[in-house]
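The values are calculated or read from the model by the stated rules, or taken from the named source; none is laboratory data. These numbers were taken from a predicted model, which means no experiment stands behind them. Backbone-built Cβ (ideal geometry, glycine too); neighbour counts: all protein chains shown.
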Ligand code: ADP
Ligand code: MG
């Protein structure tokens, strides 16, 4: 089982006490992230679930080195975010790529953009990279529309192309921000299948960030709950569907197949899932428990 295999492996991304404010001059505003401590394990499919404004995109941008000025530490295979970006350890599938849609480029071209960074314009793209792009398009099922302009792709197709782009650059970690927003139900199913395949066949570590419980339930083995600070991770008990139902009452009706969630205290995520609670938490629940993963069947 994928979840079991990754349960005891070393962290591939390690967050320790990460705090970040967009406006540090105004101390009356709670930080967007408050002392976030989390290990992402090699080869796992982690979901980061939380309400809008909970800091999910901020955490991803810090991880990618797109935002600086945080306190605490972030290590990606031992590198800080800047160094990890230079090594292209992480593939990023952003929330929506409106700007890109306006460019008259093909899906294939879009998929090759990360892999061909650094190739000289005169020398052209080396065959090895071209082959990598073709393989990546094939893996995600995008070969048949590779010649189409990106502006004519459906949301789901475009997402596949963005995933192919990350694969073509040899990323071993995929971060996906709200991957199912604007994707129809059949596209969402295909998305979950694709994540499972990338995990099983390529051994990728995938991090899906979403406010949508359905998305996380369908595509993840383990879940952390982020609402400015981290509420759950790495406990052996597992957060039960009943607790999640309480936390995300509105989404819960249609869900609950095989989701495994690691939880500390069930009651904590529920009270103020939303806003303005940066300073009210006892932080003692941030410690790893020994023997994590024991909740897996
Ligand atoms: P999520 O992705 O979970 O919806 P975000 O990380 O986008 O949350 O936002 C977290 C908090 O930071 C929110 O309060 C949001 O208003 C604020 N925020 C996000 N981006 C910026 C920005 N560029 N400047 C100032 N505040 C921001
Ligand atoms: Mg976001």
Is it the case that the range 64-87 has a residue that's under 23 Å from residue 212 (Cα atoms) and touching a residue at least 24 places away in the same chain (Cβ under 8 Å)? yes
Just to be sure before I move on: is residue 172 more than 16 Å from ligand 1 (Cβ to nearest atom), closer than 19 Å to residue 199 by Cβ and in contact with a helix residue (DSSP H, G or I) (Cβ under 8 Å, 6 or more places away or on another chain) in the structure I sent? no
How about the range 44-61: which of its residues are within 15 Å of ligand 2 (Cβ to nearest atom) and assigned to a loop (DSSP other than H, G, I, E, B)? 50, 51, 52, 53, 54, 55
Inside the range 60-99, can you point out the residues that are within 22 Å of residue 218 (Cα to Cα), at pLDDT 90 or above and within 13 Å of ligand 1 (Cβ to nearest atom)? 60
Tally up the residues in the range 168-193 that are under 15 Å from the mean Cα position of the chain (by Cα) and assigned to a loop (DSSP other than H, G, I, E, B), please. 6
Taking the range 10-43, which residues are surrounded by 14 or more Cβ atoms within 10 Å (Cβ to Cβ) and assigned to a loop (DSSP other than H, G, I, E, B)? 21, 30, 31, 32, 42, 43
